[in-house]
Amino acid sequence: MNTLYFDNNATTCVAPEVKEAILPFLEERYGNPSSPHHFGGSIEGDLSTARQKVAALIGASPKEIFFTSGGTESDNLAIRGVLSMDTTRKHIVTTAVEHSAVLVQCRELEKMGIDVTYLPVDSEGTLNLSDLEKSIRPDTALVSIMWANNETGVLFPIDEVSRICQDRGILLHVDGVQAVGKAPIDLTQTRIDLLAISGHKIHAPKGVGALYVRSGIKIKPLFWGGNQERGRRPGTEPVPMIVGFGKAAELALESIREDSGRMRLQRDTLERGILERIPDTIVNGGKDPRLPNTLSVCFDRVEGEALLMLMDQNGIVASSGSACLSHKLEPSHVLLAMGVGEETAQGAVRFGLSRYTSDEEIQQLLETMPALVDKVRSLTRRVGRS
Amino acid sequence: MKRDSPTTRHAIPINWTENLMSKRVYMDHNATTPVDPEVLEAMLPYLTDCYGNASSVHEWGIEARYGVEKARVQLGQLLGVPEETLTFTSCGSESNNTILRSVAHQHSSEGCHIVTSSIEHPCIYRCLEDLESSGSVAVTWIDPEEHGVIDPDKIGKAIRPDTRLVSVMLANNETGVVQPIREIADVAHAKGVGVHSDTVQALGKIPIHLGDLDLDFATFSAHKVYGPKGIGAFYAKDPTSIVPMIRGGGQENRLRAGTESVPFIVAFGAAAEKAFRVQNEEAGVLDKLRNELQSRLIEGIPEAVVCGQAAERLPGTLCICFPGVLGTYLVLDLAEEGIAVSSGSACSANQSKPSHVLVAMGIAPEVAQGAVRFSLGRANSTDQIDELVTTTVNLVKQQRDHPPGKDEELDLLSLCD
């Protein structure tokens with residue numbers, strides 16, 4: 001059975017070029033970059049090339065890039081790294097729709113005496129900037145806001161957020177995990193102090209990410225060890241993954257314009273087709289600006305998990321929301337924050353496209369979905385909702 | 001599963017690889033190891049076709065989850081513990097920091113004293129120094145005896161009513177000296193104190209049965225055991241005692257957030273499985289090889305000092321000081337000859353300082369500066385010994401005859417293994 005993979009916001013395949021780039025470092029070029037003997041050629045050079053490529057993708061300077069084990073670690077490092085630099089500032093501002101890497105951490109920080117303001121969003125998933133302005137206090141250490149929502153793809157107005165933070169002299173951390181590589185990001189145009197990036201959302205392997213730290217901003221490391229990553233992130237560098245991340249960043253930069261244009265057309269076709277063919281369906285956060293690859297819909301009178309299971313049996317892979325929370329059967333905190341009713345939110349399905357998604361796959365998906373939704377709706381009608 | 005044929009797999013010019021291969025001798029297995037071909041074979045499908053997110057509930061997620069859980073079983077088998085006591089992390093450093101911070105955090109309100117040794121890896125001592133400076137813990141550092149062994153009695157004597165943890169490495173990365181962890185654990189447990197051991201260097205080189213060692217916590221890294229860099233793990237007898245250091249999604253039973261690095265976890269599992277199969281036999285081979293290298297080097301340079309010679313050492317590790325020589329230069333000279341070894345100095349801002357491990361063992365600083373570590377492993381064989389010994393002996397003699405000028409700046413070498 002030909003599988004239709006539409007879960008690219010959860011994770012992406014490793015690009016063939018990335019795999020090619022990684023392999024020599026899993027084979028003969030295995031030296032430790034901290035060793036003086038440069039076994040297998042200068043590995044330091046390969047690390048710095050990767051750093052340049054990741055920096056180029058976001059318009060940063062290589063010395064502002066610190067490799068980590070992933071987006072979650074980068075978010076943790078950014079938030080805790082800032083808070084521990086100045087312990088007199090005990091307030092942070094974030095939003096109600098952040099990824100768990102930020103939200104779970106914030107809840108933990110609350111237990112440790114940090115005040116957290118969770119900014120609400122409206123029914124389209126967008127922020128009211130005056131809420132942000134009002135939330136900032138003299139003891140605010142950090143504003144932490146995602147660039148693109150992982151469930152709906154809604155893009156926050158980071159340019160305006162950045163201006164507000166600059167005016168008020170507050171550090172800004174942006175969770176860029178979903179946006180980087182899909183939306184054009186140029187930090188020479190938008191001033192951000194910290195930006196979290198993940199490799200596996202842009203066709204690099206899982207287990208590598210980066211934190212951009214604007215030149216001059218000081219953060220405390222999450223943990224201690226050797227001098228790798230200039231002491232900000234110790235541990236022997238995962239050379240194959242970093243090299244793969246660099247290659248993936250290079251590919252993303254080369255094709256971002258073309259890829260996002262194509263994905264937008266495909267996504268719009270998918271969205272239109274679903275709305276035409278499947279009644280009682282709403283799009284979550286459907287107003288632009290939105291990531292070009294993301295479509296979140298709620299099918300009324302549908303248990304999302306049941307639908308996803310049926311889709312899975314029919315070779316269609318998608319998700320209800322964040323994979324990081326997918327073992328919870330609670331409705332999405334993002335949709336609830338947007339005012340979607342609990343019952344409707346249960347019927348949420350997220351489609352995430354990638355540069356490898358074909359038009360044929362969109363058509364196949366459109367042809368298959370109506371019958372599957374119908375089937376779940378008729379079952380639900382029979383069994384009744386608990 | 002698709003896999004390209006080996007000849008077309010990578011873009012490096014064949015000649016370049018061959019030149020490098022024919023010339024080089026890799027004797028730095030304590031710094032990092034090559035990825036075993038069997039390990040690479042096991043992980044490749046997860047780098048290509050099986051790319052699902054292990055937290056996803058669909059077929060692709062389940063396939064990835066299977067890879068992760070199989071690896072956990074494989075690691076559990078190597079260590080002799082149930083797999084639910086094992087948590088994957090990104091590296092040994094992260095694992096060690098997680099354990100130490102957990103203990104400090106759990107006892108933050110009632111005072112926390114930790115007993116450790118003065119020969120630990122930087123990720124242990126720097127973490128403890130940080131916790132000490134923030135006032136979260138008090139630390140007692142125990143020096144080793146002359147041969148690099150930590151005396152369990154000294155650990156016992158250092159334990160106070162507020163001691164919450166004893167943390168001593170199982171084998172030292174520089175000297176290979178194996179510590180009497182079971183005795184240390186007995187002493188600590190008799191006083192109701194938990195025990196952690198950094199077993200990063202020992203894993204796969206000597207059999208480790210965590211139950212027999214009676215440890216509460218232990219830490220591991222894949223790239224020292226022929227797995228890839230960027231993946232580690234920790235053992236917690238009671239996982240509820242762990243306070244997560246990286247928070248977010250519910251991965252790793254809520255002990256370590258972040259999308260599971262599936263291919264690298266699978267690789268760690270395969271590496272553990274292979275170690276379980278071959279470690280006894282391999283240890284015998286490497287012990288013999290190391291002893292041969294050791295006696296031949298002493299034959300060539302009779303005044304050389306072997307660190308920890310009288311102690312039990314990891315089979316492949318030889319730390320040897322050549323008096324009158326700077327180890328850091330010798331390492332660079334050897335590198336030019338295609339021989340990869342490392343000097344005795346550990347991660348430190350000022351690399352011209354002699355190793356803190358060797359100094360703690362009572363080796364005079366001027367002798368310790370001449371330390372070179374040969375660490376043998378799967379990349380080595382008997383036929384490399386002759387050339388290696390001849391080259392090393394010649395380079396030592398050369399350096400003694402022509403000492404490096406004082407104005408010559410030392411490269412900033414940071415050995416972090």
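Bear in mind that the values in this text are calculations on the coordinates, not laboratory data. Being a predicted model, the structure only gives us computed values, none of them experimental. Ideal geometry is used to build each Cβ from the backbone, glycine not excepted, and the neighbour counts take in all protein chains shown.
In the range A:143-248, what is the volume of the convex hull around the alpha carbon atoms, normalised per residue and reported in Å³? It would help to have the intermediate numbers written out before the result.
Values: hull volume 12.2 nm³, N = 106.
Measuring per residue, one finds 115 Å³ for the Cα hull of the range A:143-248.
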- Among B:PRO122, B:SER95, B:THR140 - extreme Cα towards positive end, dipole of the range B:75-146, charges at beta-carbon: B:SER95
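Past the 18 Å Cα-Cα mark, which pairs from A:LYS287/A:LYS375; A:LYS247/B:LYS70; B:LYS157/B:LYS191; A:LYS134/A:LYS287; A:LYS19/B:LYS224; A:LYS19/B:LYS274?
Values: A:LYS287/A:LYS375 29 Å; A:LYS247/B:LYS70 30 Å; B:LYS157/B:LYS191 10 Å; A:LYS134/A:LYS287 25 Å; A:LYS19/B:LYS224 23 Å; A:LYS19/B:LYS274 24 Å.
As for pairs spanning more than 18 Å Cα to Cα, those are A:LYS287/A:LYS375; A:LYS247/B:LYS70; A:LYS134/A:LYS287; A:LYS19/B:LYS224; A:LYS19/B:LYS274.
How much of the DSSP beta bridge set in chain B is antiparallel, as a percent to the nearest 5? Could you put the intermediate results ahead of the total?
Working: 20 of 39 bridges.
Antiparallel bridges make up about 50 percent of those DSSP assigns within chain B.
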- Hey, which aspartates and glutamates would be in cross-link range of A:LYS53, C-alpha to C-alpha under 17 Å, not counting anything within fewer than 8 residues on its own chain? A:GLU17, A:GLU20, A:GLU44, A:GLU64, A:ASP186, A:GLU229, A:GLU237, A:GLU250, A:GLU254
- So for the pair A:THR88, A:ASP186, with labels modelled 7 Å out along Cα→Cβ, what separation do we get in nm? 3.9 nm
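Where in chain A are the DSSP H helices whose C-alpha atoms run 24 Å or more along the long axis and whose mean Kyte hydropathy is at least -0.5? Could you put the intermediate results ahead of the total?
Numbers: long enough: A:239-277 (48 Å, -0.29); A:359-383 (36 Å, -0.39).
Passing helices, by number: A:239-277, A:359-383.
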- Task: May I ask which residue of B:ALA335, B:PRO152, B:VAL393 lies farthest towards the positive end of the charge dipole of chain B, with charges of +1 (Lys, Arg) and -1 (Asp, Glu) on Cβ and the Cα centre as origin?
- Result: B:PRO152
- Residue mean of other protein chain beta carbons inside 10 Å, B:54-67: 5
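Distances over 35 Å make up what percent of all Cα-Cα pairs in chain A?
Working: 20434 of 74305 pairs.
Counting pairs separated by more than 35 Å, the tail of P(r) holds 28 percent.
Rank-order A:351-363, A:157-169, B:264-276, A:93-105 by packing density, defined as the average count of other C-beta atoms within 10 Å over each peptide's residues, highest first.
On the way: A:351-363: 19.2, A:157-169: 15.7, B:264-276: 26.9, A:93-105: 24.5.
Taking the mean over residues of other Cβ atoms within 10 Å, the ranking is B:264-276, A:93-105, A:351-363, A:157-169.
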- Task: Please give every one of the lysines within straight-line cross-link reach of B:LYS353, meaning a C-alpha to C-alpha distance under 21 Å, and leave out same-chain neighbours fewer than 8 residues apart.
- Result: B:LYS406
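Suppose we look only past 27 Å in the calculated P(r) of the range A:1-141. What percent of the Cα-Cα pairs does that tail hold? Before the final figure, lay out the partial values.
On the way: 4585 of 9870 pairs.
Above the 27 Å cut-off, the range A:1-141 has 46 percent of its Cα pairs.
Using a 10 Å cut-off on Cβ to Cβ distances, tally the other chain neighbours for every residue of B:323-332 and report the average as a whole number. Please list the in-between numbers first.
Working: counts 0, 0, 0, 0, 0, 1, 0, 0, 3, 2.
That works out to 1 on average.
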- Message: Sort A:118-131, A:293-306 by packing, meaning the average of other beta carbons within 10 Å per residue, with the highest value first.
- Response: A:293-306, A:118-131
- Charge dipole of the range A:97-141 built from unit charges on the beta carbon (Lys, Arg +1; Asp, Glu -1), centred at mean Cα; most positive-end Cα among A:PRO138, A:MET112, A:VAL102 is A:MET112
- Item | Partner aspartates and glutamates for B:LYS154 [C-alpha distance under 15 Å; skip if fewer than 8 residues away on the same chain] | B:ASP143, B:GLU145, B:GLU146, B:GLU183, B:ASP186
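Using a 10 Å cut-off around each Cβ of peptide B:93-100, what is the average number of partner chain Cβ atoms that fall inside? Numbers along the way, then the final one.
Working: counts 9, 8, 2, 4, 7, 1, 0, 2.
The per-residue average across the peptide is 4.
Taking the Cα centre of chain A as origin, sum charge times position over the Cβ atoms of Lys and Arg (+1) and Asp and Glu (-1), and report the length of that vector in debye to the nearest 20. The partial results should precede the final answer.
Values: 42 positive and 50 negative charges, 140 e Å.
That gives a dipole near 680 debye.
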- Item | Over the protein assembly as shown: Rg over Rh, Cα atoms, Kirkwood Rh | 0.99
